[in-house]
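Visitor: Provided herewith is a single structure, encoded as C-alpha coordinates, for subsequent inquiry.
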Amino acid sequence: MVLRRVPAALATLFVLTVYVFFASEGTFEFRRVKWDYRTEKAGEGYYSSLAEGFRRGHLYMMDEPDPNLMAAHNPYDPDVRGKYGAGILWDASYFERHFYLYFSPLPVLLFYLPFRWLTQGYPLDSLAGTFFCVWAFAMSIATVRRAAGQRKLHLPMPLWILLIGLGNVIPWSLIHMRIYEVAVMAGMAMTATWGYALVRFTETGSARHAFWMGLWLALAIAARTNLGVLLLVTFLVIPLRKWKAWIACLIPLGVVALMLAGYNYARFRKPQETGITYQLTFVNMRHCRRCSLRTIPEGIRVINNLVHYVWWPPYIFSKFPYVDLQGSRLDPIVAFPNTVEHIAGIGPLNPVIIIACIFTLLLVARRRTLEVHARNGLRLMGGAWLVLAVLSTCWYVVARYSLDFWMLMTVASAIVIEAAFTELENAGFGLRWLRIGTIALACFSILFCSLLGFMGTQGAFQRANPKLFQRLSDQLSAS
(Lines give C-alpha, C1' and ligand atoms only; values in the text may rest on other atoms or scores of the structure.)
Protein backbone atom coordinates (compact mmCIF):
# COMPACT_ATOMS: atom_id res chain seq x y z
CA MET A 1 0.00 0.00 0.00
CA VAL A 2 2.78 2.44 0.91
CA LEU A 3 4.72 1.69 -2.28
CA ARG A 4 1.63 2.42 -4.36
CA ARG A 5 1.53 5.94 -3.00
CA VAL A 6 5.14 6.73 -3.84
CA PRO A 7 4.50 7.84 -7.48
CA ALA A 8 1.71 10.18 -6.38
CA ALA A 9 3.88 11.57 -3.59
CA LEU A 10 6.75 12.16 -6.03
CA ALA A 11 4.39 13.91 -8.47
CA THR A 12 3.14 16.13 -5.65
CA LEU A 13 6.68 16.94 -4.57
CA PHE A 14 7.62 17.79 -8.14
CA VAL A 15 4.73 20.25 -8.49
CA LEU A 16 5.65 21.95 -5.20
CA THR A 17 9.28 22.17 -6.29
CA VAL A 18 8.27 23.79 -9.57
CA TYR A 19 6.15 26.35 -7.71
CA VAL A 20 9.00 27.30 -5.38
CA PHE A 21 11.53 27.33 -8.24
CA PHE A 22 9.62 29.83 -10.33
CA ALA A 23 8.37 31.94 -7.42
CA SER A 24 11.96 32.32 -6.16
CA GLU A 25 13.23 33.11 -9.68
CA GLY A 26 15.22 29.89 -9.76
CA THR A 27 17.05 30.49 -6.46
CA PHE A 28 14.85 28.55 -3.97
CA GLU A 29 15.29 31.48 -1.58
CA PHE A 30 12.79 33.93 -0.10
CA ARG A 31 13.72 36.81 2.18
CA ARG A 32 11.82 38.90 4.68
CA VAL A 33 11.25 42.54 3.77
CA LYS A 34 9.99 45.75 5.35
CA TRP A 35 6.50 47.06 4.66
CA ASP A 36 7.81 49.74 2.28
CA TYR A 37 9.68 47.26 0.08
CA ARG A 38 9.31 48.20 -3.58
CA THR A 39 10.80 47.15 -6.92
CA GLU A 40 10.36 48.35 -10.48
CA LYS A 41 7.25 46.15 -10.73
CA ALA A 42 4.16 48.30 -10.23
CA GLY A 43 1.92 46.68 -7.65
CA GLU A 44 4.59 44.81 -5.70
CA GLY A 45 4.56 45.22 -1.93
CA TYR A 46 1.13 46.84 -1.67
CA TYR A 47 -0.27 44.13 0.60
CA SER A 48 2.62 44.61 3.03
CA SER A 49 1.82 48.32 3.21
CA LEU A 50 -1.84 47.57 3.90
CA ALA A 51 -0.91 44.96 6.51
CA GLU A 52 1.26 47.53 8.30
CA GLY A 53 -1.68 49.92 8.23
CA PHE A 54 -3.87 47.27 9.85
CA ARG A 55 -1.19 46.71 12.50
CA ARG A 56 -1.25 50.41 13.35
CA GLY A 57 -5.00 50.50 13.73
CA HIS A 58 -6.31 51.98 10.46
CA LEU A 59 -7.66 50.73 7.15
CA TYR A 60 -5.45 52.64 4.72
CA MET A 61 -2.00 51.86 3.42
CA MET A 62 1.12 53.24 5.05
CA ASP A 63 2.32 54.94 1.85
CA GLU A 64 1.94 58.72 2.03
CA PRO A 65 0.33 60.48 -0.98
CA ASP A 66 2.30 63.04 -2.97
CA PRO A 67 1.42 66.62 -1.85
CA ASN A 68 0.80 67.49 -5.50
CA LEU A 69 -1.74 64.69 -5.69
CA MET A 70 -3.53 66.02 -2.61
CA ALA A 71 -3.56 69.50 -4.20
CA ALA A 72 -5.05 68.33 -7.51
CA HIS A 73 -8.72 69.31 -7.95
CA ASN A 74 -9.47 66.01 -9.74
CA PRO A 75 -6.76 63.48 -8.91
CA TYR A 76 -8.57 60.71 -10.81
CA ASP A 77 -8.07 62.42 -14.18
CA PRO A 78 -4.65 61.48 -15.63
CA ASP A 79 -4.46 64.82 -17.49
CA VAL A 80 -5.05 66.78 -14.30
CA ARG A 81 -2.41 64.76 -12.46
CA GLY A 82 0.00 65.49 -15.29
CA LYS A 83 -0.57 69.24 -15.00
CA TYR A 84 0.08 69.11 -11.26
CA GLY A 85 3.08 66.79 -11.68
CA ALA A 86 1.46 64.51 -9.13
CA GLY A 87 3.06 61.17 -8.42
CA ILE A 88 0.74 58.26 -7.67
CA LEU A 89 0.78 54.79 -6.23
CA TRP A 90 -0.20 52.96 -9.40
CA ASP A 91 -3.57 51.17 -9.22
CA ALA A 92 -4.11 52.10 -5.58
CA SER A 93 -7.40 53.73 -4.56
CA TYR A 94 -7.07 57.34 -3.40
CA PHE A 95 -9.75 58.73 -1.09
CA GLU A 96 -9.62 61.65 1.33
CA ARG A 97 -5.82 61.94 1.38
CA HIS A 98 -5.11 58.24 1.92
CA PHE A 99 -4.29 55.25 -0.25
CA TYR A 100 -6.48 52.16 -0.04
CA LEU A 101 -6.71 48.97 -2.07
CA TYR A 102 -9.66 47.87 -4.14
CA PHE A 103 -8.19 44.39 -3.90
CA SER A 104 -9.48 42.03 -1.23
CA PRO A 105 -7.87 42.29 2.24
CA LEU A 106 -8.16 38.50 2.59
CA PRO A 107 -4.48 37.77 1.74
CA VAL A 108 -3.44 40.26 4.42
CA LEU A 109 -5.53 38.47 7.05
CA LEU A 110 -4.64 34.93 5.99
CA PHE A 111 -0.93 35.32 5.26
CA TYR A 112 0.77 38.72 5.53
CA LEU A 113 -0.20 39.51 9.12
CA PRO A 114 0.41 35.96 10.46
CA PHE A 115 3.79 35.98 8.69
CA ARG A 116 4.60 39.35 10.30
CA TRP A 117 3.68 38.10 13.76
CA LEU A 118 5.78 34.96 13.35
CA THR A 119 8.89 36.41 11.69
CA GLN A 120 8.93 40.13 12.53
CA GLY A 121 9.08 40.90 8.83
CA TYR A 122 6.89 40.79 5.75
CA PRO A 123 6.91 38.18 2.99
CA LEU A 124 7.65 38.85 -0.63
CA ASP A 125 4.54 38.73 -2.79
CA SER A 126 6.10 35.72 -4.50
CA LEU A 127 6.02 33.76 -1.24
CA ALA A 128 2.42 34.76 -0.58
CA GLY A 129 1.45 33.66 -4.08
CA THR A 130 3.23 30.35 -3.60
CA PHE A 131 1.35 29.80 -0.34
CA PHE A 132 -2.04 30.22 -2.03
CA CYS A 133 -1.03 28.14 -5.05
CA VAL A 134 0.04 25.28 -2.77
CA TRP A 135 -3.24 25.63 -0.87
CA ALA A 136 -5.28 25.47 -4.09
CA PHE A 137 -3.24 22.54 -5.40
CA ALA A 138 -3.58 20.55 -2.17
CA MET A 139 -7.35 21.05 -1.99
CA SER A 140 -7.76 20.22 -5.68
CA ILE A 141 -5.93 16.92 -5.27
CA ALA A 142 -8.00 16.18 -2.16
CA THR A 143 -11.18 16.77 -4.19
CA VAL A 144 -10.14 14.38 -6.97
CA ARG A 145 -9.08 11.73 -4.45
CA ARG A 146 -12.38 12.11 -2.62
CA ALA A 147 -14.35 11.78 -5.84
CA ALA A 148 -12.30 8.76 -6.95
CA GLY A 149 -12.81 6.92 -3.66
CA GLN A 150 -11.57 3.35 -3.79
CA ARG A 151 -12.31 2.94 -7.49
CA LYS A 152 -9.52 2.09 -9.89
CA LEU A 153 -8.62 5.07 -12.07
CA HIS A 154 -8.37 4.76 -15.85
CA LEU A 155 -5.48 7.25 -15.93
CA PRO A 156 -2.67 7.21 -13.34
CA MET A 157 -3.21 9.46 -10.33
CA PRO A 158 0.32 10.94 -10.63
CA LEU A 159 -0.62 12.16 -14.11
CA TRP A 160 -3.75 13.87 -12.78
CA ILE A 161 -1.67 15.44 -10.00
CA LEU A 162 0.83 16.86 -12.48
CA LEU A 163 -1.90 18.10 -14.81
CA ILE A 164 -3.87 19.81 -12.03
CA GLY A 165 -0.75 21.45 -10.62
CA LEU A 166 1.09 22.40 -13.80
CA GLY A 167 -1.39 22.28 -16.69
CA ASN A 168 -2.22 25.97 -16.29
CA VAL A 169 -0.59 29.42 -16.11
CA ILE A 170 0.64 29.15 -12.52
CA PRO A 171 4.31 28.74 -13.61
CA TRP A 172 3.89 31.75 -15.91
CA SER A 173 2.31 33.84 -13.13
CA LEU A 174 4.65 32.92 -10.26
CA ILE A 175 7.69 34.40 -11.98
CA HIS A 176 6.18 37.92 -11.96
CA MET A 177 4.37 38.30 -8.65
CA ARG A 178 2.56 41.43 -7.49
CA ILE A 179 -0.68 42.27 -5.72
CA TYR A 180 -2.64 41.34 -8.85
CA GLU A 181 -1.42 37.75 -8.93
CA VAL A 182 -1.65 37.29 -5.14
CA ALA A 183 -5.30 38.37 -5.12
CA VAL A 184 -6.22 35.97 -7.93
CA MET A 185 -4.30 33.08 -6.34
CA ALA A 186 -6.05 33.68 -3.01
CA GLY A 187 -9.38 33.42 -4.81
CA MET A 188 -8.19 30.23 -6.52
CA ALA A 189 -7.34 28.71 -3.12
CA MET A 190 -10.76 29.60 -1.67
CA THR A 191 -12.53 28.20 -4.76
CA ALA A 192 -10.57 24.95 -4.57
CA THR A 193 -11.56 24.56 -0.91
CA TRP A 194 -15.18 25.31 -1.77
CA GLY A 195 -15.02 22.53 -4.38
CA TYR A 196 -13.85 20.05 -1.78
CA ALA A 197 -16.54 21.21 0.67
CA LEU A 198 -19.19 20.76 -2.02
CA VAL A 199 -18.06 17.18 -2.62
CA ARG A 200 -18.19 16.45 1.10
CA PHE A 201 -21.67 17.95 1.43
CA THR A 202 -23.03 15.79 -1.40
CA GLU A 203 -21.66 12.76 0.42
CA THR A 204 -23.23 13.50 3.79
CA GLY A 205 -25.90 16.17 3.31
CA SER A 206 -25.08 17.38 6.82
CA ALA A 207 -25.51 20.94 8.07
CA ARG A 208 -21.88 20.90 9.20
CA HIS A 209 -20.59 20.38 5.67
CA ALA A 210 -23.14 22.89 4.34
CA PHE A 211 -21.62 25.45 6.72
CA TRP A 212 -18.11 24.83 5.40
CA MET A 213 -19.36 25.00 1.83
CA GLY A 214 -20.94 28.39 2.56
CA LEU A 215 -17.89 29.66 4.42
CA TRP A 216 -15.37 28.86 1.70
CA LEU A 217 -17.66 30.24 -0.97
CA ALA A 218 -18.03 33.43 1.06
CA LEU A 219 -14.24 33.76 1.30
CA ALA A 220 -13.91 33.05 -2.43
CA ILE A 221 -16.32 35.89 -3.17
CA ALA A 222 -14.45 38.11 -0.71
CA ALA A 223 -11.25 37.40 -2.62
CA ARG A 224 -12.73 37.73 -6.13
CA THR A 225 -16.20 39.25 -6.48
CA ASN A 226 -16.85 37.55 -9.83
CA LEU A 227 -16.76 34.17 -8.05
CA GLY A 228 -20.18 35.05 -6.64
CA VAL A 229 -21.61 33.25 -9.67
CA LEU A 230 -20.75 30.00 -7.85
CA LEU A 231 -23.70 30.75 -5.56
CA LEU A 232 -25.88 29.28 -8.27
CA VAL A 233 -24.05 25.94 -8.19
CA THR A 234 -24.07 25.91 -4.39
CA PHE A 235 -27.78 26.58 -4.05
CA LEU A 236 -28.65 23.92 -6.63
CA VAL A 237 -26.77 21.33 -4.58
CA ILE A 238 -28.79 21.84 -1.38
CA PRO A 239 -32.20 20.08 -1.40
CA LEU A 240 -35.10 22.49 -0.84
CA ARG A 241 -36.43 20.67 2.23
CA LYS A 242 -33.10 20.56 4.07
CA TRP A 243 -33.69 23.82 5.93
CA LYS A 244 -30.91 23.15 8.45
CA ALA A 245 -28.41 22.84 5.62
CA TRP A 246 -29.73 26.06 4.06
CA ILE A 247 -29.35 27.97 7.32
CA ALA A 248 -25.89 26.55 7.94
CA CYS A 249 -24.78 27.54 4.44
CA LEU A 250 -26.32 31.02 4.50
CA ILE A 251 -24.94 32.04 7.91
CA PRO A 252 -21.26 32.38 6.84
CA LEU A 253 -22.33 33.94 3.53
CA GLY A 254 -24.34 36.56 5.38
CA VAL A 255 -21.69 37.25 8.03
CA VAL A 256 -18.89 37.69 5.48
CA ALA A 257 -21.14 39.90 3.32
CA LEU A 258 -21.89 42.15 6.30
CA MET A 259 -18.20 42.33 7.23
CA LEU A 260 -17.27 43.33 3.68
CA ALA A 261 -20.02 45.93 3.57
CA GLY A 262 -18.82 47.35 6.89
CA TYR A 263 -15.21 47.38 5.67
CA ASN A 264 -16.21 49.27 2.53
CA TYR A 265 -18.38 51.74 4.45
CA ALA A 266 -15.60 52.46 6.93
CA ARG A 267 -13.27 53.31 4.03
CA PHE A 268 -15.49 54.96 1.40
CA ARG A 269 -18.82 55.59 3.18
CA LYS A 270 -20.55 53.25 0.74
CA PRO A 271 -21.10 49.56 1.58
CA GLN A 272 -20.97 48.54 -2.08
CA GLU A 273 -17.83 50.55 -2.97
CA THR A 274 -14.66 48.44 -3.13
CA GLY A 275 -12.43 51.32 -4.20
CA ILE A 276 -12.38 50.74 -7.95
CA THR A 277 -14.16 54.07 -8.48
CA TYR A 278 -11.17 55.80 -6.85
CA GLN A 279 -8.49 53.75 -8.59
CA LEU A 280 -5.48 55.70 -9.87
CA THR A 281 -4.64 54.39 -13.31
CA PHE A 282 -4.36 55.55 -16.93
CA VAL A 283 -8.10 56.23 -17.28
CA ASN A 284 -10.66 57.92 -15.05
CA MET A 285 -12.38 54.93 -13.47
CA ARG A 286 -15.36 57.05 -12.45
CA HIS A 287 -16.49 57.04 -16.07
CA CYS A 288 -15.65 53.43 -16.92
CA ARG A 289 -18.15 50.56 -17.07
CA ARG A 290 -15.82 47.73 -16.11
CA CYS A 291 -17.98 44.62 -16.59
CA SER A 292 -21.28 44.86 -18.45
CA LEU A 293 -23.40 43.40 -21.22
CA ARG A 294 -25.82 46.12 -22.30
CA THR A 295 -24.95 47.00 -25.89
CA ILE A 296 -24.16 45.22 -29.15
CA PRO A 297 -20.42 46.12 -28.98
CA GLU A 298 -20.29 44.73 -25.45
CA GLY A 299 -21.99 41.53 -26.66
CA ILE A 300 -19.38 41.18 -29.40
CA ARG A 301 -16.70 41.81 -26.76
CA VAL A 302 -17.98 38.85 -24.74
CA ILE A 303 -17.58 36.61 -27.79
CA ASN A 304 -14.07 37.93 -28.42
CA ASN A 305 -13.09 37.50 -24.77
CA LEU A 306 -14.40 33.93 -24.77
CA VAL A 307 -12.25 33.21 -27.82
CA HIS A 308 -9.23 34.60 -25.95
CA TYR A 309 -9.80 32.60 -22.79
CA VAL A 310 -10.68 29.36 -24.58
CA TRP A 311 -8.83 29.25 -27.92
CA TRP A 312 -6.03 31.86 -27.95
CA PRO A 313 -2.94 29.87 -28.99
CA PRO A 314 0.58 30.32 -27.63
CA TYR A 315 3.52 31.31 -29.81
CA ILE A 316 5.84 28.34 -30.38
CA PHE A 317 9.43 28.74 -31.62
CA SER A 318 12.70 26.79 -31.77
CA LYS A 319 14.68 28.62 -29.09
CA PHE A 320 14.43 27.80 -25.37
CA PRO A 321 11.92 27.97 -23.73
CA TYR A 322 10.11 27.24 -27.02
CA VAL A 323 6.76 28.76 -26.04
CA ASP A 324 5.36 32.15 -25.09
CA LEU A 325 1.91 33.63 -24.64
CA GLN A 326 0.59 35.97 -27.29
CA GLY A 327 -0.88 39.38 -26.64
CA SER A 328 -4.62 39.97 -26.72
CA ARG A 329 -6.43 41.69 -29.58
CA LEU A 330 -9.36 43.63 -28.19
CA ASP A 331 -11.81 46.17 -29.57
CA PRO A 332 -10.57 49.54 -28.23
CA ILE A 333 -14.14 50.84 -28.10
CA VAL A 334 -15.08 48.40 -25.32
CA ALA A 335 -11.67 47.75 -23.72
CA PHE A 336 -9.15 49.69 -21.71
CA PRO A 337 -7.21 51.87 -24.19
CA ASN A 338 -3.62 51.17 -25.19
CA THR A 339 -3.35 47.89 -23.28
CA VAL A 340 -2.11 44.62 -24.72
CA GLU A 341 -1.80 41.84 -22.17
CA HIS A 342 -0.69 38.25 -22.60
CA ILE A 343 -3.52 35.75 -22.68
CA ALA A 344 -3.64 31.93 -22.56
CA GLY A 345 -6.30 29.79 -24.20
CA ILE A 346 -7.25 26.71 -22.18
CA GLY A 347 -7.84 24.66 -25.33
CA PRO A 348 -4.38 24.99 -26.94
CA LEU A 349 -2.56 24.69 -23.60
CA ASN A 350 -4.71 22.08 -21.86
CA PRO A 351 -6.68 20.14 -24.49
CA VAL A 352 -7.64 17.54 -21.88
CA ILE A 353 -10.15 20.12 -20.61
CA ILE A 354 -11.77 20.25 -24.04
CA ILE A 355 -12.13 16.45 -24.02
CA ALA A 356 -13.73 16.72 -20.59
CA CYS A 357 -16.12 19.41 -21.81
CA ILE A 358 -17.27 17.13 -24.64
CA PHE A 359 -17.83 14.31 -22.14
CA THR A 360 -19.68 16.75 -19.88
CA LEU A 361 -22.17 17.54 -22.63
CA LEU A 362 -22.68 13.83 -23.25
CA LEU A 363 -23.10 12.97 -19.55
CA VAL A 364 -25.49 15.81 -18.74
CA ALA A 365 -28.28 14.03 -20.61
CA ARG A 366 -27.98 11.02 -18.30
CA ARG A 367 -26.97 12.80 -15.13
CA ARG A 368 -29.81 11.25 -13.08
CA THR A 369 -28.32 7.79 -13.56
CA LEU A 370 -24.77 8.81 -12.63
CA GLU A 371 -23.26 8.25 -9.21
CA VAL A 372 -22.92 11.27 -6.95
CA HIS A 373 -19.28 12.11 -7.67
CA ALA A 374 -19.78 12.00 -11.42
CA ARG A 375 -22.54 14.57 -10.93
CA ASN A 376 -20.14 16.60 -8.81
CA GLY A 377 -17.74 16.69 -11.74
CA LEU A 378 -20.52 18.11 -13.90
CA ARG A 379 -21.34 20.70 -11.22
CA LEU A 380 -17.75 21.83 -10.86
CA MET A 381 -17.35 22.05 -14.63
CA GLY A 382 -20.53 24.10 -14.88
CA GLY A 383 -19.31 26.40 -12.12
CA ALA A 384 -15.97 26.92 -13.87
CA TRP A 385 -17.71 27.86 -17.11
CA LEU A 386 -19.98 30.29 -15.27
CA VAL A 387 -16.90 32.02 -13.85
CA LEU A 388 -15.40 32.15 -17.34
CA ALA A 389 -18.61 33.63 -18.76
CA VAL A 390 -18.68 36.39 -16.13
CA LEU A 391 -15.02 37.24 -16.73
CA SER A 392 -15.74 37.56 -20.43
CA THR A 393 -18.08 40.52 -19.80
CA CYS A 394 -15.18 42.62 -18.49
CA TRP A 395 -13.02 45.19 -20.29
CA TYR A 396 -9.77 43.65 -19.15
CA VAL A 397 -8.47 40.30 -20.42
CA VAL A 398 -5.25 38.88 -18.99
CA ALA A 399 -3.68 35.46 -18.43
CA ARG A 400 -3.76 35.55 -14.62
CA TYR A 401 -7.55 35.94 -14.57
CA SER A 402 -7.88 32.46 -16.07
CA LEU A 403 -6.71 31.08 -12.71
CA ASP A 404 -10.21 31.92 -11.47
CA PHE A 405 -11.51 28.92 -13.39
CA TRP A 406 -8.59 26.95 -14.85
CA MET A 407 -7.62 24.74 -11.89
CA LEU A 408 -11.27 24.15 -11.00
CA MET A 409 -11.89 23.16 -14.62
CA THR A 410 -9.00 20.69 -14.51
CA VAL A 411 -10.30 19.12 -11.29
CA ALA A 412 -13.72 18.76 -12.91
CA SER A 413 -12.02 17.29 -15.99
CA ALA A 414 -10.34 14.56 -13.95
CA ILE A 415 -13.67 13.57 -12.35
CA VAL A 416 -15.68 13.77 -15.57
CA ILE A 417 -13.17 11.87 -17.73
CA GLU A 418 -12.85 9.07 -15.20
CA ALA A 419 -16.65 8.82 -15.00
CA ALA A 420 -17.00 8.89 -18.79
CA PHE A 421 -14.37 6.20 -19.24
CA THR A 422 -16.23 4.01 -16.76
CA GLU A 423 -19.50 4.53 -18.64
CA LEU A 424 -17.83 3.68 -21.95
CA GLU A 425 -16.16 0.62 -20.48
CA ASN A 426 -19.45 -0.62 -19.05
CA ALA A 427 -21.02 -0.16 -22.48
CA GLY A 428 -18.36 -2.40 -24.04
CA PHE A 429 -16.19 0.20 -25.72
CA GLY A 430 -12.41 -0.26 -25.87
CA LEU A 431 -10.53 2.53 -24.14
CA ARG A 432 -6.93 1.78 -25.05
CA TRP A 433 -6.41 4.44 -27.72
CA LEU A 434 -8.57 6.96 -25.92
CA ARG A 435 -6.44 6.53 -22.81
CA ILE A 436 -3.21 6.84 -24.82
CA GLY A 437 -4.45 10.00 -26.54
CA THR A 438 -5.54 11.60 -23.26
CA ILE A 439 -2.22 10.78 -21.60
CA ALA A 440 -0.30 12.24 -24.55
CA LEU A 441 -2.31 15.48 -24.43
CA ALA A 442 -1.86 15.70 -20.65
CA CYS A 443 1.92 15.31 -21.02
CA PHE A 444 1.92 18.02 -23.70
CA SER A 445 0.04 20.37 -21.38
CA ILE A 446 2.30 19.70 -18.39
CA LEU A 447 5.44 20.29 -20.46
CA PHE A 448 4.38 23.42 -22.31
CA CYS A 449 2.73 25.14 -19.33
CA SER A 450 5.84 24.45 -17.24
CA LEU A 451 8.06 25.91 -19.96
CA LEU A 452 5.98 29.08 -19.84
CA GLY A 453 7.47 29.69 -16.40
CA PHE A 454 10.87 30.24 -18.04
CA MET A 455 9.30 33.08 -20.01
CA GLY A 456 6.84 35.01 -17.84
CA THR A 457 5.55 38.50 -18.55
CA GLN A 458 7.95 40.31 -20.90
CA GLY A 459 10.71 37.77 -20.32
CA ALA A 460 10.48 38.02 -16.52
CA PHE A 461 12.55 34.91 -15.78
CA GLN A 462 15.41 36.01 -18.00
CA ARG A 463 15.46 39.45 -16.37
CA ALA A 464 15.32 37.97 -12.86
CA ASN A 465 17.96 35.25 -13.32
CA PRO A 466 19.89 35.95 -16.55
CA LYS A 467 22.79 33.58 -15.79
CA LEU A 468 20.61 30.52 -15.24
CA PHE A 469 18.45 31.38 -18.22
CA GLN A 470 21.49 31.73 -20.45
CA ARG A 471 22.90 28.38 -19.34
CA LEU A 472 19.61 26.65 -20.06
CA SER A 473 19.27 28.43 -23.37
CA ASP A 474 22.77 27.45 -24.46
CA GLN A 475 22.14 23.80 -23.65
CA LEU A 476 18.56 23.43 -24.83
CA SER A 477 18.06 25.79 -27.77
CA ALA A 478 17.85 24.19 -31.19
CA SER A 479 20.96 24.67 -33.31
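Visitor: For the condition of a type in the set (S, T, Y), at pLDDT 90 or above and under 20 Å from L109 (Cβ atoms), what is the one hit in Y19, Y60?
Guide: When all the criteria are applied, what remains is Y60.
Visitor: Could you check segment 414-472 and list, in sequence order, the residues that are in contact with a helix residue (DSSP H, G or I) (Cβ under 8 Å, 6 or more places away or on another chain) and among the small types (G, A, S)?
Guide: A414, A419, A420, A442, S445, S450, G453, G456
Visitor: Out of everything in segment 33-66 that is more than 24 Å from the chain's Cα centre (by Cα) and aromatic (F, W, Y), what residue ends up being nearest to K83 (Cα to Cα)?
Guide: Y60
Visitor: Show the residue pairs that are 6+ apart or on different chains and have beta-carbon atoms under 6 Å apart, the first residue being within segment 333-354 and free of Cβ contacts under 8 Å to residues at least 12 places away in the same chain, the second being surrounded by fewer than 19 Cβ atoms within 10 Å (Cβ to Cβ) and in a helix (DSSP H, G or I).
Guide: Pairs that qualify, where the first residue is free of Cβ contacts under 8 Å to residues at least 12 places away in the same chain and the partner is surrounded by fewer than 19 Cβ atoms within 10 Å (Cβ to Cβ) and in a helix (DSSP H, G or I), are I354/G347.
Visitor: If you take the residues in segment 284-304 that are in a loop (DSSP other than H, G, I, E, B) and within 12 Å of A389 (Cα to Cα), which one is farthest from the chain's Cα centre (by Cα)?
Guide: L293
Visitor: Also, I was wondering about something else. Pairs please, first residue from segment 9-32 and without any contact (Cβ under 8 Å) to a residue 24 or more places away in the chain, second anywhere and among the hydrophobic types (A, V, I, L, M, F, W, C) and assigned to a helix (DSSP H, G or I), Cβ atoms under 8 Å, 6+ apart in sequence or on different chains.
Guide: Within 8 Å, the pairs are F28/V20; F28/F21.
Visitor: Name every residue in segment 305-325 that is buried (at least 18 other Cβ atoms within 10 Å of the Cβ) and either in a loop (DSSP other than H, G, I, E, B) or of a type in the set (S, T, N, Q) (or both), in order of residue number.
Guide: N305, W312, P314, F320, P321, Y322, L325, listed by residue number.
Visitor: Okay, next question. So which residues in segment 224-242 are under 20 Å from Y102 (Cα atoms), in contact with a Leu (Cβ under 9 Å, 6 or more places away or on another chain) and of a type outside the set (A, V, I, L, M)?
Guide: Of everything in segment 224-242, those that are under 20 Å from Y102 (Cα atoms), in contact with a Leu (Cβ under 9 Å, 6 or more places away or on another chain) and of a type outside the set (A, V, I, L, M) turn out to be N226, G228.
Visitor: If you check A71, A23, which single one turns out to be small (G, A, S) and surrounded by 15 or more Cβ atoms within 10 Å (Cβ to Cβ)?
Guide: Only one candidate passes the filter, namely A23.
Visitor: If you check A261 against the conditions, is it hydrophobic (A, V, I, L, M, F, W, C) and without any contact (Cβ under 8 Å) to a residue 24 or more places away in the chain?
Guide: yes
Visitor: Among the helices (runs of 4 or more DSSP H) contained in segment 356-475, which hold 2 or more residues that are within 16 Å of the chain's Cα centre (by Cα) and either closer than 30 Å to E40 by Cα or among the small types (G, A, S) (or both)?
Guide: So the answer is 372-391, 406-426.
Visitor: Just a yes or no: is a residue in segment 272-283 assigned to a helix (DSSP H, G or I), modelled with pLDDT of 90 or more and either exposed (fewer than 13 other Cβ atoms within 10 Å of the Cβ) or in contact with a His (Cβ under 8 Å, 6 or more places away or on another chain) (or both)?
Guide: Scanning segment 272-283, I find no residue that is assigned to a helix (DSSP H, G or I), modelled with pLDDT of 90 or more and either exposed (fewer than 13 other Cβ atoms within 10 Å of the Cβ) or in contact with a His (Cβ under 8 Å, 6 or more places away or on another chain) (or both), so the answer is no.
Visitor: Restricting to segment 40-52, name every residue that is within 18 Å of W90 (Cβ to Cβ) and part of a helix (DSSP H, G or I).
Guide: Listed by number, the residues that qualify are Y46, Y47, S48, S49, L50.
Visitor: Out of curiosity, is L69 among the aliphatic types (A, V, I, L, M), at pLDDT below 90 and not assigned by TED's automatic domain parsing to the domain that holds R269?
Guide: Taking the combined requirement at face value, the residue satisfies it.
Visitor: If you scan segment 227-255, which residues turn out to be hydrophobic (A, V, I, L, M, F, W, C) and either part of a loop (DSSP other than H, G, I, E, B) or without any contact (Cβ under 8 Å) to a residue 40 or more places away in the chain (or both)?
Guide: Across segment 227-255, the qualifying residues are L231, F235, I238, L240, W243, W246, C249, L250, L253, V255.
Visitor: Next up: Please go through segment 442-473 and give me each residue that is under 16 Å from V352 (Cα atoms), surrounded by 18 or more Cβ atoms within 10 Å (Cβ to Cβ) and either aliphatic (A, V, I, L, M) or in contact with an Asp or Glu (Cβ under 6 Å, 6 or more places away or on another chain) (or both), ordered by number.
Guide: A442, I446
Visitor: Mind listing whichever residues of segment 103-123 are hydrophobic (A, V, I, L, M, F, W, C) and within 23 Å of the chain's Cα centre (by Cα)?
Guide: Across segment 103-123, the qualifying residues are F103, L106, V108, L109, L110, F111, L113, F115.
The values are calculated or read from the model by the stated rules, or taken from the named source; none is laboratory data. Keep in mind it's a predicted model, so treat the numbers as computed, not measured. Cβ sites come from the backbone with ideal geometry, for glycine too, and all protein chains shown count toward neighbours.
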